[in-house]
């Protein structure tokens with residue numbers, strides 16, 4: 001029982017740092033989602049150069065390890081900004097760099113998910129909307145987009161959980177998130193109770209992942225209910 | 001604004017010593033976890049008592065926690081656990097063994113899911129048809145279900161391998177001397193971190209694309225029975241503007257003929 005009590009004790013100590021993880025995750029989900037949508041638009045574009053740019057970008061990002069991405073953004077972005085605009089951004093809050101790196105990482109899988117979901121919506125839906133007099137933009141916003149979203153949801157949940165896990169590497173550039181906090185606790189105990197501390201850390205992430213899974217499947221089933229045929 | 005290209009070339013040369021280490025971790029993890037993942041998938045599909053919920057819990061845990069947490073648990077907790085069994089010698093184990101353990105455990109979970117979904121994509125009628133013609137259930141599984149399941153599993157195995165390659169960059173936390181670790185120590189002397197990580201990035205891109213190419217060939221090989229022979233199929237598009245391929249093939253450029261013609265002229 002002492003192990004459980006210790007895990008609980010460390011859980012309480014680590015938990016306050018959860019807000020950094022959540023802020024980073026939510027910010028990169030929103031920004032990465034927007035970038036992913038833009039990439040989807042590029043991939044479905046009729047100009048081949050847009051498609052080529054999007055394809056190259058996605059395949060490079062897909063082959064990039066998260067930690068290398070974080071490091072390259074952290075060391076490379078100040079370098080580029082200094083070279084182009086002669087402004088030093090090295091004093092920025094390090095969370096910004098993590099958010100930028102995770103946005104780039106998140107946008108590639110999201111673009112693929114959005115694209116396959118968009119193509120899965122039957123073309124007849126859009127045609128019917130145009131038939132009844134909607135403008136193409138209206139047809140997209142009111143008819144195609146909601147259906148795309150529902151189809152994309154299960155894969156999106158997977159991508160978000162992956163993002164959350166990649167976000168755990170934030171500590172490598174010195175942001176005090178949950179992992180850094182756990183390492184500090186272990187260091188304070190001079191290396192003792194490592195299993196209990198990191199176990200507590202893993203538990204927190206596990207619970208968040210399960211919650212995302214559950215939430216998404218709830219949203220999905222509530223959307224599916226609306227898709228039922230008209231009762232006679 | 002300029003990158004230290006001399007330093008980059010230097011890192012490029014020294015970091016190549018880390019490539020075999022990275023590949024070794026990936027290969028060992030894959031080879032060990034493929035059969036285990038397959039067995040776990042069977043356990044889940046046939047709902048083996050006691051084991052099935054355990055496997056489910058294991059997969060959920062590994063997929064729900066970041067790799068870094070798993071690394072920290074194994075790397076910091078496992079040695080002291082081992083020391084209680086085999087004594088002080090546990091602390092002098094080569095850290096690459098811990099990397100093997102972590103990445104194997106991690107990819108077992110992903111591959112379990114991959115095989116499970118692949119085996120479920122095979123239509124039940126295939127099994128019934130196999131039993132119908134008098135094959136034993138085991139025979140049907142090996143000869144009919146398995147080849148089809150493998151084909152549908154391959155793209156996901158490719159993905160799992162790519163994840164493994166990318167994740168293996170975290171082995172430096174366990175003080176394994178892989179590409180990232182070598183570049184990092186090189187950069188620490190002169191604080192040229194950007195150059196070092198750009199080189200590492202290039203290395204990972206090369207490895208990942210090579211793996212993707214390899215799996216593309218594998219996929220082509222294993223799905224050869226699914227390929228349709230387009231040449232023999234009937235052209236159903238009665239009013240299509242496409243010309244039959246045979247007429248195109250008939251017109252061939254013959255350099256000898258042309259030469260002769262020129263001579264006559």
Practice prompt. Would you check if residue B:102 is closer than 22 Å to residue A:179 by Cβ, assigned to a helix (DSSP H, G or I) and more than 10 Å from chain A (Cβ to nearest Cβ)?
Written response: yes
Worksheet item: Of the residues that make up segment A:99-113, is at least one within 14 Å of chain B (Cβ to nearest Cβ), surrounded by fewer than 16 Cβ atoms within 10 Å (Cβ to Cβ), closer than 20 Å to residue A:223 by Cα and within 14 Å of the chain's Cα centre (by Cα)?
Response: no
Worksheet item: Only one of (1) without any contact (Cβ under 8 Å) to a residue 60 or more places away in the chain; (2) crowded, with 20+ Cβ neighbours inside 10 Å is not met by residue A:74, so which one is it?
Response: (1)
Worksheet, complete the sentence: The residue that is surrounded by the fewest Cβ atoms within 10 Å (Cβ to Cβ), considering only those in segment A:39-58 that are assigned to a helix (DSSP H, G or I) and in contact (Cβ under 8 Å) with a residue 12 or more places away in the chain, is A:55
Item to complete: Give me a count of the residues in segment B:163-185 that are buried (at least 20 other Cβ atoms within 10 Å of the Cβ) and assigned to a helix (DSSP H, G or I).
Response: 16
Item to complete: Go through segment B:179-215 and give me each residue that's more than 11 Å from chain A (Cβ to nearest Cβ) and touching a residue at least 12 places away in the same chain (Cβ under 8 Å).
Response: B:181, B:182, B:186, B:190, B:215
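Residues checked against (1) closer than 16 Å to residue B:149 by Cα; (2) in contact with a strand residue (DSSP E or B) (Cβ under 7 Å, 6 or more places away or on another chain); (3) surrounded by fewer than 13 Cβ atoms within 10 Å (Cβ to Cβ):
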{"position": "B:38", "(1), (2), (3)": "yes, no, no"}
{"position": "B:41", "(1), (2), (3)": "yes, no, no"}
{"position": "B:44", "(1), (2), (3)": "yes, no, no"}
{"position": "B:77", "(1), (2), (3)": "no, no, no"}
{"position": "B:95", "(1), (2), (3)": "no, no, no"}
{"position": "B:108", "(1), (2), (3)": "no, no, no"}
{"position": "B:121", "(1), (2), (3)": "yes, no, yes"}
Worksheet item: So which of A:76, A:36 is under 28 Å from residue B:200 (Cβ atoms), modelled with pLDDT under 90 and assigned to a helix (DSSP H, G or I)?
Response: A:76
Item to complete: Sort through B:57, B:42 and tell me the only one that's within 25 Å of residue A:208 (Cα to Cα) and in a helix (DSSP H, G or I).
Response: B:57
Item to complete: Collect the residues in segment A:177-196 that are touching a residue at least 60 places away in the same chain (Cβ under 8 Å) and under 26 Å from the mean Cα position of the chain (by Cα), keeping them in residue-number order.
Response: A:177, A:178, A:180, A:181, A:182
Worksheet, complete the sentence: Expected single match for away from chain A (no Cβ under 14 Å), loosely packed, with under 15 Cβ neighbours inside 10 Å, at pLDDT below 85 and under 28 Å from the mean Cα position of the chain (by Cα) among B:234, B:225 is B:225
Item to complete: Check B:83, B:118, B:109, B:69 and return the single one that is in a helix (DSSP H, G or I) and away from chain A (no Cβ under 14 Å).
Response: B:118
Worksheet item: Is it fair to say residue A:140 is modelled with pLDDT of 85 or more, out of contact with any helix residue (DSSP H, G or I) (no Cβ under 6 Å at 6 or more places or on another chain) and more than 30 Å from residue B:166 (Cα to Cα)?
Response: yes
Item to complete: Could you run through segment A:81-98 and say how many residues are assigned to a helix (DSSP H, G or I) and either away from chain B (no Cβ under 11 Å) or more than 21 Å from residue A:27 (Cβ to Cβ) (or both)?
Response: 9
Response to the item:
Within segment B:20-54, the residues that are away from every other protein chain (no Cβ under 14 Å) and under 13 Å from residue B:183 (Cβ atoms) are B:21
Worksheet item: Taking the condition facing chain B (nearest Cβ under 9 Å) and at pLDDT 90 or above, does residue A:186 pass?
Response: no
Worksheet item: Does at least one position in segment B:63-76 carry a residue that is within 27 Å of residue A:170 (Cα to Cα) and under 19 Å from the mean Cα position of the chain (by Cα)?
Response: yes
Worksheet item: Can you spot a residue in segment B:123-136 that is in a helix (DSSP H, G or I), out of contact with any helix residue (DSSP H, G or I) (no Cβ under 6 Å at 6 or more places or on another chain) and either within 14 Å of another protein chain (Cβ to nearest Cβ) or closer than 16 Å to residue B:33 by Cβ (or both)?
Response: no
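The values are calculated or read from the model by the stated rules, or taken from the named source; none is laboratory data. Keep in mind that what you see is a predicted model, and the values were worked out from it rather than measured. We place every Cβ from the backbone using ideal geometry, glycine too, and count neighbours over all the protein chains shown.
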